[in-house]
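Q: Before I ask anything, here is the structure I am working with.
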Amino acid sequence: MKAWELKRSAKSKRDLAVFIRDGFQCVYCGHDGRTFEGWCHLEVDHVVPKHLVKRGGEAPEHPDNLVTACMSCNSLKGQYKAKNFKDANAEVLRLRTQMREKVWALEFEPHLPDTIDPRGPKGK
Ligand SMILES: [Zn+2]
């Protein structure tokens, strides 16, 4: 990745530092932001939302509270009131699974041929 690409994907020096620390990969799904197509999908996520951190008296912009997330994971997480990274990660994974199941039910299941049993071959 060239220097100008890095500068464009990171909105600030803070973002760039977070991306470098996390290896330009989404901490939730592993989306690789090191390619030309991938870098523009990266954002910095506040693990514990800003307004909740303030209540605890700690700085919301502390590096421990910032992670690299792809737009998709960051959007799914939304305003989820995560207590810590483990909690945030579990929620993003839960929402991604839910989304996959919805897409399967809406987009693929109606088009399955009658001859294919989605539960697998009989007798297993
Ligand atoms: Zn992601």
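We did not get these values from a lab; they are worked out from the coordinates using the rules stated. Everything numeric in this text was worked out from a predicted model, so none of it was measured. With ideal geometry, Cβ positions are generated from the backbone for all residues, glycine too; neighbour counts draw on all protein chains shown.
Q: Stretch His62-Trp104 to full length: gain in nm at 0.36 nm per residue minus the Cα-Cα span?
A: Extra length from His62 to Trp104 when fully extended: 11.2 nm.
Q: What spacing in nm lies between the two simple spin-label points modelled at Lys13 and Thr97, each 7 Å away from Cα in the Cβ direction?
A: Distance between label points: 4.2 nm.
Q: If each DSSP helix of 4+ residues adds -39,500 (n - 2.57) and the sum is divided by the residues in the chain, what number results at 222 nm, nearest 500 deg cm²/dmol?
A: -12000 deg cm²/dmol
Q: Right, something else. How high is the relative contact order of region 28-124, in percent, with contacts defined as C-alpha pairs under 8 Å that are six or more residues apart?
A: Relative contact order of region 28-124: 25 percent.
Q: Please name which of Gln98, Pro121, Asn84 has its Cα lying farthest along the dipole of the chain towards the positive end, using unit charges on Cβ (Lys, Arg +1; Asp, Glu -1) and the Cα centre as origin.
A: Asn84
Q: Here's something else I'd like to know. With the cut-off at 24 Å, tell me which of the pairs Lys50/Lys77; Lys13/Lys83; Lys11/Lys50; Lys77/Lys102; Lys13/Lys50 have Cα atoms farther apart than that.
A: Violating the 24 Å limit, Cα to Cα: Lys13/Lys83.
Q: Relative to the present Cα-Cα distance, how much length would full extension add between Met71 and Lys50 at 0.36 nm per residue of separation?
A: Full extension of this stretch gives 5.8 nm more.
Q: Taking 0.36 nm per residue of sequence separation and subtracting the Cα-Cα distance, how much length would be gained by fully extending the chain between Gln79 and Asp117, in nm to one decimal?
A: Result: 9.8 nm gained on full extension.
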